[in-house]
Each structure stands twice: as structure tokens, then as C-alpha cells.
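Coordinate-derived values only; no laboratory data. Just so we're clear, the structure is a prediction, and the values are computed from it rather than from any experiment. Here Cβ is always computed from backbone atoms with ideal geometry, including for glycine, and neighbour counts include all displayed protein chains.
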């Protein structure tokens, strides 16, 4: 009778003594509760303010945005206006943004994967040195790095001097006057370190015996790479793309420094212009919501892909 009256947790512990110390289900999630609460408060409240500004109005005298916190008073006037502009005269800006981000992301994947693969597979004792060199750009301000590019790409800069030495380019190239190539290379240069680190973390964890099994079965190094290494690093590629594309879509400073021309403006430049213009606070808030909706697509795909991999593991 005493054993029947024992608490259920004790019976479980006696039935499965090999599982170690038993913790209640809420024990480990409770460690994340403070951070979760902090992020919920400081994300939900600002997000609600942005929605209230986007669906609010403007002060008729000072042209300052007036957020409307009561949902029953919300108006979609500015939402319709911005959406109409997105399908009208600002449509090329969205198309350019997608093209620039896609091209820059592909280049980041190619460069980042090659560098991370070399460090993970052939770094040897110098892995620590290589990682320190990869992290070194984070210690330099992004603004300073872009200013260094300006000095290189000026009409009388080193890039034109180098190209003038080649017979194929006898004249100076105006790199800083709305050149899409300059903007794409600036995005790649600014964000490729964020791509290398997740690649290295995944590639370094791939067991060496899997690669040796491929070689023992007669596969060439290239075939082993495409049949073993590349599929195992799929999640690293998705993680790197998400990490890089999210800030790229909202980037406006790279354009302002390296390609200050309407011909290469991006969505981030529209948002920056609306924020700094009088009476366009609601339009800026609507642009923020549109940008968030765009960025949710790769984020949701990455989360679903990751959860699918975890279920199949």
C-alpha cells in the first residue's frame, strides 16, 4: 500500500534509475524565461508603436506623426498610399533591392564557403590564427571600412591607377557615381564575415570518418564534396543566407557612401528618406512593416527547414 501511495515522480525515478536526476518539465525552460520576457516586452511594445504610427495620422500643424493606440480608430490611408507607390513609381527600387541582395548573397555564399572550407579542412594548427583574422574586421567600424573603399575607388584612387596599367581599361571608371557593381561589392565586403563564421562552425563539426568512407567507397574528392559535405552543410548555407540577407534589405548606408545616386537606391534608402522628411512618419512606419513582411519569408523557411532536420535526426 505504501508503494501505491508514493508520489508519481518517485515511482518514475525508481522505475528508471539509469536516467539520472529527474527535473520537472518547467525546470530548464525557466532559465530562458527572463530573456524571453525581456525580448517580448522590448519587441512587442515598440512593434505596437510602429503599427500605431503606420495606422495613425499626422499633426496638422507640426507635421509630426501621431500614433493611434486604439485599434478601432486605425486608418489604412497611409498603408494604401505606400502600397500604391510600391506598385507604381517606387517599384524599380524594390526590384533593384531584390537583385542586389540576391547577387550579393550568392557572392557571399561562394566566397564564405570557400574560405570556411579551407579553414575547417586545411587550417591545421593555424585555425586559431585564421579565425582571428576573420573576426578582425568586426573590430573596425563599418563606417571606416566603407570610407576606405571610397579612397580606393575615387577617380584618382588606387583602383583606377591599377586598371589604367592594364591595356583593356585605358580610361578611369567612375566607380562612385551610381555604379551597381560598386554597391554589390560593398554589400559583399560588409557582410561576408557574417557568412564565414556559421559556415566554419558547421563544416568543422562534420566527422572526418564520413569523408573517409566516401573515399574508401571509390568516390573522388569532388564527388565526395557534392554527395557528403555539401548536403551536410545545407543548414549552414541557410543560416548564413538568413544572417546576411536580413540586414542587406534594410541597408542604406552602403548606398549613401559608395553609390549616392537614385539609379541604385534601395528600400532602405526609401525608409531613411521617409524618416528624415517632415510629415512622412506614417509612411516610414508602413515601410518598416513591409520590410518586416519581406524578411519573414526567408526566416520562416529557415525555421521550418531546421525543425524538419531536427525531426528527421
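Of note:
- Relative contact order (%) - criterion: Cα under 8 Å, at least six apart; region: the chain: 24
- Added length on full extension, which subtracts the Cα-Cα distance from 0.36 nm per residue, residue 111 to residue 256: 49.7 nm
- Residues of region 275-313 with amide N under 19 Å of a point placed 7 Å along Cα→Cβ from residue 98: 287-302
- Between residue 136 and residue 49, the C-beta separation translates, for a Förster distance of 41 Å, into a calculated FRET efficiency of about 0.60.
- Computed over the chain, the range of Cα coordinates on each principal axis works out to 89, 65, 33 Å, biggest value leading.
- Each part gets one Cα centre, and for region 221-275 versus region 60-129 those centres are 8 Å apart.
- The length gained by stretching the chain between residue 307 and residue 212 to full extension, at 0.36 nm per residue less their Cα-Cα distance, is 31.3 nm.
- Taking the helices alone, the chain has a mean residue ellipticity at 222 nm of -22000 deg cm²/dmol, built from -39,500 (n - 2.57) per DSSP H run of at least 4 residues and averaged over all its residues.
- Peptides 284-291, 32-39, 302-309 ranked from most to least packed give 284-291, 302-309, 32-39, packing being the mean of other C-beta atoms within 10 angstrom over each peptide's residues.
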